[in-house]
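Taking it in order: structure first as structure tokens, then the write-up.
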Amino acid sequence: MKPLFLIAISLSLSLSSLAQAKVNWMSWEEAVEASKTEPRLVFVDMYTSWCGWCKTMDRNTFANPVIAEVMNDHYYAVKMNAEMKDTIDFNGYQFVNPRPKGKRSAHQLAASLLENKLSYPSFVFLNGKFERLQIVPGYKSPQQFEPIIRYFVEGAPQSVPYEKYMQTFETRLKKKPQQAKPTNN
């Protein structure tokens with residue numbers, strides 16, 4: 001009975017830690033407010049409701065415990081629908097969707113952050129003053145995404161070029177064990 005109880009407890013703890021592995025998403029306005037008291041890096045996930053790769057990023061990459069931990073510890077993570085209809089006041093400007101009804105169109109803030117390179121998903125890295133550091137387009141697996149998000153925390157502040165940073169990067173993601181190749185005996 002005791003071993004079964006210990007197995008149940010350990011399984012329960014494992015499942016609860018997996019359930020907690022999620023990015024704490026904010027709205028743009030929440031990130032701006034939070035930055036006033038504690039400036040930190042800002043990460044903007046630019047998505048659309050019709051984007052399949054955006055949904056895959058949510059399922060595969062943003063749900064990864066290591067990715068969620070880095071994002072939550074070092075970034076204000078903003079999830080922004082690039083076709084939203086909301087009006088956003090920022091830095092003395094009012095950003096709107098030029099076609100709030102009918103056909104799809106990019107929101108002015110999304111277009112500005114992406115330098116009008118509207119592909120989804122795209123990710124925008126900003127410093128604590130909301131100045132753009134980098135735009136990273138396209139789906140990224142957890143293995144591809146981890147060095148990118150760590151670079152802006154560990155490499156960029158020290159002015160280490162990304163290529164040099166990658167030479168010393170060590171992943172915290174669990175590696176899948178290699179399967180033995182069958183032998184032809």
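Any read-out appearing in this document is the output of simple, stated calculations on the displayed coordinates, not a laboratory observation. Please read these numbers as outputs of a predicted model, since none were measured by experiment. Positions of Cβ are generated from backbone atoms using ideal geometry, with glycine treated the same way; all protein chains shown enter the neighbour counts.
Note down the net charge around residue 30, summing +1 for each Lys or Arg and -1 for each Asp or Glu among other residues with Cβ under 15 Å from its Cβ. Provide the component values of the computation, followed by the final result.
Values: positive: 36, 40, 79; negative: 29, 33, 38, 45, 86, 89.
Overall, the nearby charge balance is -3.
Positive end of the dipole of the range 40-168, charges at C-beta (+1 Lys, Arg; -1 Asp, Glu), about the Cα centre: which of 118, 91, 141 has its Cα farthest in that direction?
About the Cα centre, the residue reaching furthest to the positive side is 118.
So if each residue of separation counts as 0.36 nm, and I subtract the Cα-Cα distance between residue 117 and residue 154, what length gain in nm does that give?
Once the chain is fully extended between residue 117 and residue 154, it gains 10.6 nm.
Compute the orientation-averaged projected area for the range 40-168 from the convex hull of its Cα atoms and round it to one decimal in nm².
Working: hull surface 32.8 nm².
For the range 40-168, the mean projected area of the Cα convex hull comes to 8.2 nm².
I'd like the trypsin sites (Lys or Arg not before Pro) in the range 56-138 restricted to DSSP loop residues with at most 12 other Cβ atoms within 10 Å, sorted by number. Provide the component values of the computation, followed by the final result.
Working: sites: 59, 79, 85, 101, 103, 104, 117, 129, 132; in loops: 85, 101, 103, 104, 117, 129.
Those satisfying the criteria are 85, 101, 103, 104, 117, 129.
Report the calculated FRET efficiency for residue 30 and residue 166 (r = Cβ-Cβ distance, R0 = 35 Å), to the nearest 0.05. Show your work: numbers first, answer last.
Values: r = 32 Å, r/R0 = 0.92.
Given R0 = 35 Å and the Cβ-Cβ separation, E is 0.65.
With a point put 7 Å past each Cα toward its Cβ, work out how far residue 21 is from residue 129 in nm, to one decimal.
3.8 nm
Greater than 20 Å separation of Cα atoms is the criterion. Which listed pairs, 55/79; 79/129; 55/140; 79/117; 101/140, meet it?
101/140
With charges set only on the Cβ (+1 for Lys and Arg, -1 for Asp and Glu), what does the dipole of the range 40-168 come to about its Cα centre, in debye to the nearest 20?
Working: 15 positive and 12 negative charges, 104 e Å.
In debye, rounded to 20, the range 40-168 gives about 500.
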